[in-house]
Amino acid sequence: MKVFNAILWDSIRHAWRLRLPFILIFLLGLVLLTLPNWVMHDGSPEGKLRIMMTYSGHLQIYALSFAALFYSIWFEKFERENKVNLLIATYPVSHHQKILARLMSYVLILWGSSLIFQAGIGFLTLRTFQQFDISIQEKSELKSRLLTVREYSPLQLIEDQDFEQKRIERQFMQAFPLNHGIATGFDLLVTPQQDPLYLRGKLMSLQDIGQAQLRFEVRHENRLVWAAEAYIQPSVEFYQLLPAELSKLSPLRLDLIQGNEEKKPLYYVQAEPLSLSRPKGSFIGNLLRATMLSSLLIFTMAAIGIFLAQILSFQGSLFTSLVIYIIGSFKQDIHELLFSSGMPNIPGFSTEQLDPSTIFYSILWKPLLFITPDFQVLNPTSKLMNGEYIPWDDFIHVGSTTLPFLCVTLLYALYFLPRQEVDKRS
Amino acid sequence: MEDSVNTPLVEVAHLKKVFKDFWGRPKVTALHDVGLSIHKKEVCALIGPNGSGKTTLVKILLGLLFPTSGSAKVFGQNCFETSNKYRIGFLAEENCFYKHLTGEETLNFYGRLLSLPYVERHDRVHELLKLTGMEHAAKRPLGEYSLGMLRRIGLAQALLADPELLILDEPTNGLDPLGIEEVHQLILELKARGKAILISTHLLAESDEICDQLVLLHQGTVLAEGKTHELHQQHDTHNMKELFLKLVKRTNASHLKQLNDKDLNKVAVAHEGPDQDFLDQLQK
């Protein structure tokens, strides 16, 4: 444990002396201060605050993950160049102890920076409200709500219906896995006041058809309560109003049926049962899950960085890890770009037999999609900002793609590094 | 007691190290049939010009490189055994330290890697800072240290575990004459305390002053090995420089003798045609 602590604190001290947390906080703070001036908002304190929080939250996660990646690769390079790893190898330190301590230190360093930044946001939010012409009573209420960093949270503000213009958006479904890699992102948005219920969605990709005829069936306790058919083009957002009285029914289930011109169903996809009631969960619980997801993100990025830095040069490992990160973050978009555009729109035409891109798809792209971590799920900012419940299931999904990276790094440290000559690697 | 003194701490026999290229083909033979043994209370010097294989041998003893063939044992165990690492102190040829740490923090860091308890570590760090004359710069980051100061901190680092075997790679590199003298005194003091010390150096005078035993390396092979005074008697020399030059010349001559006339002709042809004078020169 002493060895673990020594490496952990040394890495933290190193980052501190390099002013890494300060650089991170400075960059994020700069963005936070300038962003509301760039991005249009409705002029209200809520609008300004929402922009500040949403964008800075996203930027924060990206900054943390890139910092984890860059720092882990750079530190390995630094150790190799200065041959510190040679001297450490003459001490009774195992490789896995060293790597685990490093990973932990990156999470601590970056979360330390993040906490300071969050405190800064809290202070800035308070200042933002003071600038607006609102009543003294409202001001004092807001102040009391925002005075402590712990109490301040985007979710609390959004959940507060008086504050958030009595509007709650709820997302029920994320991607439908369809055959041929078609992924859809359909959300059922509910506005519980006078507004109607509506279905919003986007087909992210259609591999072998230019447009899809979809049939939506909403069921309550296996009884069909609403149905509609529509032709949907990829990447075009689809809106469909639903009868308002449906919002009184819970739970709801959305069945999505894809059919051809003869209206014979080709694929039948059944979504998870929909529930109109928000899953119960405290803000602290949600924040904890979001924190765990972000830590997992930093952990994974650092593990990728450390692993690649062992086998590749600085530039090589940086490039490869960035490719992994980009693919993991924009899986759906890249997929859409590669396989949707320019596809012939001929009924019954199968591109699978002819298109060379299909070979690329099955040999390279599909396995690549399978092995890259889903960084979109690892970024909990949107869910946290929208006041959406972060389910534990996310961890199973994320764990299945991130754990292999962590395991490979540790197995490499446990079994392969001790069998390699230290000096050769330096 | 006598037995424990006679048991060698370091035992190397028929050691060979071949560095290979990316495809696994032999590139350089750094060590060839090297053997040596070091006992307690002995100061052994590995002497040889640059590229003779000194550092490779040191790295094999530390478990940083693996031998191609032959055996290298430290404390009767394989070199890469973790338990050995508590008993060996190492001063690297280059100053491999974190430049962001101060002298005191560096020693504390390596002390923690040795799992030394806090009080013991604290006392040891201050004792070593005093011993190496680095107390005044203990709070300064290593990035601001001169070469000599870094060697001193390196020496302190090597002594942290109070090791039974001390391996010093070019210990006086970058030190002023006063510093060199201090290091020599320190080595003799450590020897008196029962430590075994292996010094790798290309400074011939250094080994004359402080070493009991010599291993002369040249192009990866051992030219001579034994007690310093015995080697001088054997080869009728008075100092290390004489001994080294004599042995190197003799080796080169024997290499040359191995070349037959055909080879000499080839060399001569390569040297602008078959010149009888040049052949004579070579044979001489």
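Across the stretch A:10-22, what is the number of residues that are more than 8 Å from every other protein chain (Cβ to nearest Cβ) and surrounded by 18 or more Cβ atoms within 10 Å (Cβ to Cβ)?
Total satisfying the criteria: 5.
Can you pull out the residues in the stretch B:146-158 that are buried (at least 21 other Cβ atoms within 10 Å of the Cβ) and touching a helix residue (DSSP H, G or I) at 6+ places or on another chain (Cβ under 8 Å)?
B:MET149, B:LEU150, B:ARG151, B:ARG152, B:ILE153, B:LEU155, B:ALA156, B:GLN157, listed by residue number.
It is to be established whether one or more residues within the stretch B:189-198 are farther than 23 Å from A:THR90 by Cβ and either under 16 Å from the mean Cα position of the chain (by Cα) or assigned to a loop (DSSP other than H, G, I, E, B) (or both).
Looking for residues that are farther than 23 Å from A:THR90 by Cβ and either under 16 Å from the mean Cα position of the chain (by Cα) or assigned to a loop (DSSP other than H, G, I, E, B) (or both), one finds none in the stretch B:189-198, hence no.
Picking from B:GLY103, B:GLY76, B:GLY111, which residue would you name as being in contact (Cβ under 8 Å) with a residue 12 or more places away in the chain and within 12 Å of another protein chain (Cβ to nearest Cβ)?
Just a single option satisfies the conditions, and that option is B:GLY111.
Output the residue which, of all residues in the stretch B:59-73 that are of a type in the set (A, V, I, L, M) and under 30 Å from B:LYS249 (Cβ atoms), is farthest from the other protein chains (Cβ to nearest Cβ).
The qualifying residue farthest from the other protein chains (Cβ to nearest Cβ) is B:ALA72.
Based on what the data block shows, is B:SER37 buried (at least 16 other Cβ atoms within 10 Å of the Cβ) and modelled with pLDDT under 85?
no
Would you point out which residue out of B:ASP162, B:ASP123 is in a helix (DSSP H, G or I) and more than 9 Å from every other protein chain (Cβ to nearest Cβ)?
B:ASP123
Is it true that A:LEU59 is crowded, with 19+ Cβ neighbours inside 10 Å, at pLDDT 70 or above and under 23 Å from A:GLN376 (Cβ atoms)?
When the stated conditions are applied, A:LEU59 does not pass them.
From B:LEU186, B:LEU160, which residue is in contact (Cβ under 8 Å) with a residue 24 or more places away in the chain and under 21 Å from A:TYR91 (Cα atoms)?
After applying the criteria, what remains is B:LEU160.
Of the numbered conditions (1) touching a strand residue (DSSP E or B) at 6+ places or on another chain (Cβ under 9 Å); (2) hydrophobic (A, V, I, L, M, F, W, C); (3) more than 24 Å from B:LEU245 (Cα to Cα), B:TRP23 fails exactly one; give the number of that condition.
Looking at each condition in turn, B:TRP23 falls short on (1).
For every residue, the table says whether it meets (1) within 14 Å of chain B (Cβ to nearest Cβ); (2) in a helix (DSSP H, G or I).
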position: A:PHE66; (1), (2): no, yes
position: A:ARG80; (1), (2): yes, yes
position: A:LEU87; (1), (2): yes, yes
position: A:TYR91; (1), (2): yes, no
position: A:LEU100; (1), (2): no, yes
position: A:TYR106; (1), (2): no, yes
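Quick check, is B:THR56 at the interface with another protein chain (Cβ under 10 Å from one of its Cβ atoms) and in contact (Cβ under 8 Å) with a residue 24 or more places away in the chain?
Spelling it out, B:THR56 is indeed at the interface with another protein chain (Cβ under 10 Å from one of its Cβ atoms) and in contact (Cβ under 8 Å) with a residue 24 or more places away in the chain.
For A:LYS48, are the conditions met, namely being crowded, with 20+ Cβ neighbours inside 10 Å and either within 14 Å of chain B (Cβ to nearest Cβ) or modelled with pLDDT of 85 or more (or both)?
no
Within the stretch B:79-100, can you find the residues that are polar (S, T, N, Q) and more than 7 Å from chain A (Cβ to nearest Cβ)?
Matches in the stretch B:79-100: B:SER83, B:ASN84, B:ASN95.
Anything in the stretch B:122-175 that is of a type in the set (Val, Ile, Thr) and farther than 15 Å from B:PHE97 by Cβ? List them, or say none.
B:ILE167, B:THR172, listed by residue number.
The values are calculated or read from the model by the stated rules, or taken from the named source; none is laboratory data. Predicted model, so just to flag it, every value in this text is computed and none were measured. We place every Cβ from the backbone using ideal geometry, glycine too, and count neighbours over all the protein chains shown.
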